[in-house]
Every structure is written in structure tokens, then in C-alpha cells.
Amino acid sequence: FEMSGRVRVAALLLTGLVVQATLFTEIRVQGASVELMMMMAILAGFHGGPQRGAIVAFCAGLLQDSIAATPLGLHALVFPPLAVAVSSLEQRMLRSTPATDALALAAAIACGLTAVAIAGQVFGLATFDPDTVLERALVVTAITVAVAAPVNRAVRWAVTGGLPPDIQLRTAES
């Protein structure tokens, strides 16, 4: 029984949502928890390319919005551009090592947290306390990167399973 790519992605995202809503809401470090859905969106861009990554990131954002106390669409607005940016930068990196990949993931998570906070401010949410935002971002980034290894393998399995690494768009012949 071979699972199709869409079923794999759906299974990954729904499992991530359940883990985010149950386990990671209970396990907190200085009031901060792992940003699992954001990390899966970033890794989907890394492994799946810009088109597939953006689609998976949009779905991850909508699912995150379904459990967060934010307007529906806030995370879905931020996650796809983040996945596309990671995909674009990943294609331009000269050499990828586990250390550079971890640093890149940490930078992407920090950028994602900042983008969510800015988008929240635009929509009138008091999403962060200016006095503690840097410390909180560092804690969230550190604990999210700490659990990245198994999530990375699961995302790679889901977004690349049975599909070509690049999606080629056909153009009309002139």
C-alpha cells in the first residue's frame, strides 16, 4: 500500500496539529512552546520546493489558525512566503551541512515569529510585549530547533514521497 503525496501531507499536518494542540501546549519553557506548524511549513519549503512548500505551508497556517487565538488566516498569510523564501535560499546555498541547516532553520523561525507578530499588530492584536519579545523569540527558536530532527525526516517523507523533486510547468507551444 503506497500512500499518495496528498495523503502523506494530510497525515503529517493533522498529526502535527494534534501534537501542537496537546503535547506542546503543555510543555513550555519560560512560557514559550515549540512552533511545530511553522517548522513544518519551513521544512516543506526546504524539501518540497517553492510551489509544493507554499501549498503545504498555507494548509499548515490554516490549521495553526484553527487552534490559535488569532484571526483565521493570520498564520496562513505568513507561512507560505516563508516557505518560498526558504526554498529560494536553499537552492542558492553552496554547501549544506547539518550545522548550516540548523542555523538556517533557526533564522527562518525567528523571521517567521517576527512576521507573525507584525501581521498581528497590523490586524490589531497585541501579540507581543516589547520588553520580552527578543528573549521569547530566542527561547521559541531554540526549543523548536531542538525537536527538528524527527520532524525534518517526517516532512521530507511527506512532501517528496512519490513525487518528482521539481514541479515543471508546461507552457503553450507558440
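The values are calculated or read from the model by the stated rules, or taken from the named source; none is laboratory data. As the structure is a computational prediction, the values presented were derived from the model and not from experiment. Here the Cβ positions follow ideal geometry from the backbone for every residue, glycine too, while neighbour counts run over all protein chains shown. Heads up: the accessible areas ignore ligands, DNA and RNA and are worked out on the full protein's heavy atoms, side chains in. Shrake-Rupley method; radii C 1.70, N 1.55, O 1.52, S 1.80 Å.
To keep it simple, each residue is scored yes or no on (1) open to solvent by 40 Å² or more (accessible area, probe 1.4 Å); (2) closer than 18 Å to ALA106 by Cα; (3) without any contact (Cβ under 8 Å) to a residue 24 or more places away in the chain; (4) not in a strand (DSSP E or B).
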site: LEU14; (1), (2), (3), (4): yes, no, no, yes
site: VAL18; (1), (2), (3), (4): yes, no, yes, yes
site: THR25; (1), (2), (3), (4): yes, no, yes, yes
site: VAL34; (1), (2), (3), (4): no, yes, no, yes
site: MET37; (1), (2), (3), (4): no, yes, no, yes
site: ALA41; (1), (2), (3), (4): no, yes, no, yes
site: GLY48; (1), (2), (3), (4): no, no, no, yes
site: ALA54; (1), (2), (3), (4): no, no, no, yes
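Taking the conditions exactly as written (among the aliphatic types (A, V, I, L, M), surrounded by 14 or more Cβ atoms within 10 Å (Cβ to Cβ), at pLDDT below 85 and within 23 Å of SER87 (Cβ to Cβ)), does LEU163 satisfy them or not? It is true that LEU163 is among the aliphatic types (A, V, I, L, M), surrounded by 14 or more Cβ atoms within 10 Å (Cβ to Cβ), at pLDDT below 85 and within 23 Å of SER87 (Cβ to Cβ).
Selection of segment 71-93 for residues being free of Cβ contacts under 8 Å to residues at least 12 places away in the same chain and of a type in the set (D, E, K, R) yields only ARG92.
Remark: pairs (first residue in segment 94-114, more than 23 Å from ALA60 (Cβ to Cβ); second residue surrounded by fewer than 14 Cβ atoms within 10 Å (Cβ to Cβ); Cβ separation under 8 Å; 6+ apart in sequence or on different chains) = THR100/MET93. Taking the criterion of being part of a helix (DSSP H, G or I) and either touching a Lys or Arg at 6+ places or on another chain (Cβ under 8 Å) or surrounded by fewer than 14 Cβ atoms within 10 Å (Cβ to Cβ) (or both), the residues of segment 1-12 that qualify are ARG6, VAL7.
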